[in-house]
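A short write-up of the structure that comes next.
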Amino acid sequence: MERIIILDFGSQVTQVIGRRVRELNVYCEIHPFNKFPFEDGRIIPSDVKGIILSGSPFSVRDEKSPSVILSHYAGKVPILGICYGAQLIAQNYGGSVEASDTREYGRAALTVANIDEPIFKDVPKTSQVWMSHGDSITELPRSAELIASTASVCNAAYKIAEKKIYAFQFHPEVFHTQYGGTMLRNFVKGICGCKGDWTTESFIESTVESLREKLGTDEVILGLSGGVDSSVAAVLLNKAIGSRLHCIFVDNGLLRKNEFEEVLLQYQDMGLNVTGVRAADRFLDALRGISDPEGKRKAIGKTFIDVFEAEAQKITGAKWLAQGTIYPDVIESSSVKGPSATIKSHHNVGGLPEKMNLKIVEPLRSLFKDEVRRTGLALGIKRQLISRHPFPGPGLGIRVLGEVTKEKLDILKEADHIFISNLRTYMTDLPAASNGLSYAEGSSQIPLYDAIWQAGTILLPVRSVGVMGDERTYEYTIALRAVISNDGMTADWVHIPYEFLAKVSNQIINKVKGVNRVCYDISSKPPATIEWE
Ligand code: XMP
C-alpha cells in the first residue's frame, strides 16, 4: 500500500487534486491542514510517499492564516506546494510573498527553464497553465531554484532540491492547465516513486478481505435507497459476508413510478438478502396538513426512522449498521470550513446505532463518486442503476410543492415517468454529464439522460385555465427541471432541444389527467436551487 497525503488549506479545488492523483491509480487522502494524520507529525509512516499542500482562500500574510510546521516533513518525503502551498513554503524558507494590485485569474503561458527538469518530463517548453492568486512570491528562498515562469509571474514554479520540495504558483489540477496531469504524474510517480497499483479491482479485493476480517460472523443491517451509494455498499458487503447482510428497502410512496418494484427486483437479482417494506400510507399520513418544506422533510425523516427501526428490530443479533457514506461526505464533515450543512437523509437513521447498540461500517468511505460508480460496474451492477441521477431522500415529497396528497403524487409520478423515459430514449450529441461512465469510442451520440446530472418534474400548487376540445379546463402546471453540475453545489440548466421539450409537453398534457400546462425551469444555481423546496 502506498499513499499521498493532501493537506487542505480550504481551496475550492482540493478535492480535484485528490481525484487527479487517484486517476493515476495512486491512493490519496485529504486531511485538514491542522489535523495531520500522524501523531505529532514527526514520524511519517513508510507507506506515505509524498505530501501535497493545497491552495487556499487565505493570504499567507494574514496573521491567522492556516499553516503547518514544514520542518516536520521536509526532506523526509517529497512535498508539492500548489498556489497557497507554494507561497507558504516560500515564506517559510526565507522568501517573500507580497500582495499584488490585481488578483491574477485565468490562463497564462508557462515557460519551463530546463526541459530536463524531472517534474516537467513530457511537458513542452511553453504550455498553458491556470492561475488564480492574489499574492505573489516576489523573492524565492535562497536555497530555491527557479524552474518556470510566465510573462507576468516570474516565480511560477521553483524547487528546493535538498528538501525534495517542488512548488507551483499555478493550479496543475484544473482542466485548463494543459499538462497539469503530466506534472502531477511526474510528481507522484516520478519524484515520489509511487507504483500506481490502486485500481478498482484491487480496491474490491482488499475491501472484501478487510470486511470479512472486521465483521467475522456478525450480522449486518443496511438501508437501501435505490441510489448508487447504498447499492454499491450492499453488493460489496454481500460479496464479503453473503446473507449475513440484511438489507431493508423502504417504499415511502415518494419514489418514482414503479421504482420500488423495479429496484427491489434488481436487488433480488443481484443476490441481495433484501426485505422490501411497503409503508407509503404511513408517510402520506405523516405528511397530511404539512405544507412547509422543512416540516415535510422532518415528517418524512422521522417516519423513515420509525419504519426502519421496527424492521431492524426483527433482525436479532445484528451488531453492525452499514452505510453508503462516500469520501466527499467524510471530507466535508471534517474540512477546514467546518461541518457541512448538507446531510443526506437516507444516510441519516437518527439515533438508531446507539439505541440498538450497533457499530457503524462504511465500506465506501474512501471513494469519490466516480470511483463508487466504477466499483459498482466492476461488481456487475447494471449500468442503468449505476448511471442514475441523484434523487433526494424526501423524494417526490419535496417535488409536490405545498401539501402532499395522494392525488397530486399520482399526477406527478405520471408526468415524471414521461419526462424521464423520454430522456432515456432521446439521443443527443451534448457532452456526457460527469457520471463516471465511459462510452464506446466513436459513439458521437449518447442518451439525453446521460448528458444531464439531475432531472425531475415538479407539481406546482396553482391551477390555470386551459382549453381541451370544446371545454375549458382548470388544472395543474408541471415544471420540468434538468441541470448539469459536479457536486450539486452549483448547477446550470441544460439547453434541452426545443423538439424534445415539445414532445414531452405534448405527451404530459395529453396523457396525464389533471395537467394542462408544462414549463421548463431556466434558472441556474445560485441564485435558484436545484429542488424547488
Ligand atoms: P438544492 O435544491 O439544494 O439541491 O440545490 C442540491 C442537491 O441536493 C439534493 N437534495 C436533497 N437530498 N435530502 C437529500 O437526500 C434532502 O432533503 C435534499 N434536498 C435537496 C437535490 O436533489 C440536489 O441533488
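Taken over the range 148-161, the residue count meeting the criterion of being surrounded by fewer than 20 Cβ atoms within 10 Å (Cβ to Cβ) and at pLDDT 95 or above is 2. Given the criterion under 19 Å from Arg256 (Cβ atoms), within 13 Å of the ligand (Cβ to nearest atom) and open to solvent by less than 70 Å² (accessible area, probe 1.4 Å), identify the matching residue among Ala482, Ala491. Answer to the selection: Ala482. For the range 495-504, a tally of residues being more than 29 Å from the chain's Cα centre (by Cα) and open to solvent by less than 30 Å² (accessible area, probe 1.4 Å) returns 1. Restricting attention to the range 467-509, report how many residues are touching a residue at least 60 places away in the same chain (Cβ under 8 Å), of a type in the set (Val, Ile, Thr) and outside any strand (DSSP E or B). Qualifying residue count for the region: 3. The residues listed here are Lys164, Lys189, Lys195; of these, the one that is at pLDDT 95 or above, touching a strand residue (DSSP E or B) at 6+ places or on another chain (Cβ under 9 Å), open to solvent by 10 Å² or more (accessible area, probe 1.4 Å) and among the basic types (Lys, Arg) is Lys164.
Just so you know, in the range 439-479 the residues that are acidic (Asp, Glu) and exposed (fewer than 13 other Cβ atoms within 10 Å of the Cβ) include one that is modelled with the lowest pLDDT, and it is Glu441.
Of all residues in the range 494-509, those satisfying the criterion of being aliphatic (A, V, I, L, M) and more than 16 Å from the ligand (Cβ to nearest atom) are Ile496, Leu501, Ala502, Val504, Ile508, Ile509.
Restricting Leu184, Leu211, Leu215, Leu224 to residues that are closer than 28 Å to Gln268 by Cβ, touching a Pro at 6+ places or on another chain (Cβ under 9 Å) and open to solvent by less than 30 Å² (accessible area, probe 1.4 Å) narrows the list to Leu211. Of the numbered criteria (1) over 18 Å from Gly196 (Cα atoms); (2) of a type in the set (Gly, Ala, Ser); (3) in contact (Cβ under 8 Å) with a residue 12 or more places away in the chain, the one Gly50 fails is (1).
Of all residues in the range 274-284, those satisfying the criterion of being surrounded by 12 or more Cβ atoms within 10 Å (Cβ to Cβ) and not β-branched (Val, Ile, Thr) are Gly276, Arg278, Ala279, Ala280, Arg282, Phe283, Leu284.
Between Gly75, Gly55, the distinction of being at positive phi and assigned to a loop (DSSP other than H, G, I, E, B) belongs to Gly75 only. Among the residues of the range 371-418, those identified as within 16 Å of the ligand (Cβ to nearest atom) and part of a helix (DSSP H, G or I) are Val372, Arg373, Gly395, Leu396, Gly397, Ile398, Leu412, Asp416.
Note on the range 419-434: residues that are at pLDDT 95 or above, within 16 Å of the ligand (Cβ to nearest atom) and open to solvent by 10 Å² or more (accessible area, probe 1.4 Å) amount to 1.
In the range 510-532, the qualifying residues are those that are of a type outside the set (Ser, Thr, Tyr), open to solvent by 40 Å² or more (accessible area, probe 1.4 Å) and touching a residue at least 40 places away in the same chain (Cβ under 8 Å), and the one that is nearest to the ligand (Cβ to nearest atom) is Lys525. Those strands (runs of 3 or more DSSP E) of the range 79-146 in which at least 2 residues are at negative phi and touching an Asp or Glu at 6+ places or on another chain (Cβ under 6 Å), considering only elements entirely within it, cover 96-112, 126-139. Within the range 461-473, identify whether any single residue is away from the ligand (no atom under 12 Å from the Cβ) and in contact with a Leu (Cβ under 7 Å, 6 or more places away or on another chain), and answer yes or no. Looking through the range 461-473, at least one residue is away from the ligand (no atom under 12 Å from the Cβ) and in contact with a Leu (Cβ under 7 Å, 6 or more places away or on another chain).
Of the residues in the range 396-403, not one is closer than 30 Å to Ile221 by Cα, in contact with a Ser or Thr (Cβ under 6 Å, 6 or more places away or on another chain), open to solvent by 30 Å² or more (accessible area, probe 1.4 Å) and acidic (Asp, Glu).
Under the condition of being within 28 Å of Val68 (Cα to Cα), out of contact with any Lys or Arg (no Cβ under 8 Å at 6 or more places or on another chain) and crowded, with 19+ Cβ neighbours inside 10 Å, the residues counted in the range 96-135 number 1. Taking the stated definitions as given, is Gly289 more than 26 Å from Gly376 (Cα to Cα), in a loop (DSSP other than H, G, I, E, B) and open to solvent by 10 Å² or more (accessible area, probe 1.4 Å)? So Gly289 fits the description; yes.
Conditions tested, residue by residue: (1) at pLDDT 90 or above; (2) open to solvent by less than 20 Å² (accessible area, probe 1.4 Å).
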{"residue": "Thr316", "(1), (2)": "yes, no"}
{"residue": "Thr325", "(1), (2)": "yes, yes"}
{"residue": "Val330", "(1), (2)": "no, no"}
{"residue": "Thr342", "(1), (2)": "no, no"}
{"residue": "Ser345", "(1), (2)": "no, no"}
{"residue": "Gly350", "(1), (2)": "no, no"}
{"residue": "Lys359", "(1), (2)": "yes, no"}
{"residue": "Ser366", "(1), (2)": "yes, no"}
{"residue": "Glu371", "(1), (2)": "yes, yes"}
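The values are calculated or read from the model by the stated rules, or taken from the named source; none is laboratory data. As the structure is a computational prediction, the values presented were derived from the model and not from experiment. Because the Cβ atoms are built from the backbone with ideal geometry, glycine has one as well, and the counts that use them run over all protein chains shown. These area figures cover heavy atoms from the full protein model, side chains too; ligands, DNA and RNA do not enter into them. Shrake-Rupley method; radii C 1.70, N 1.55, O 1.52, S 1.80 Å.
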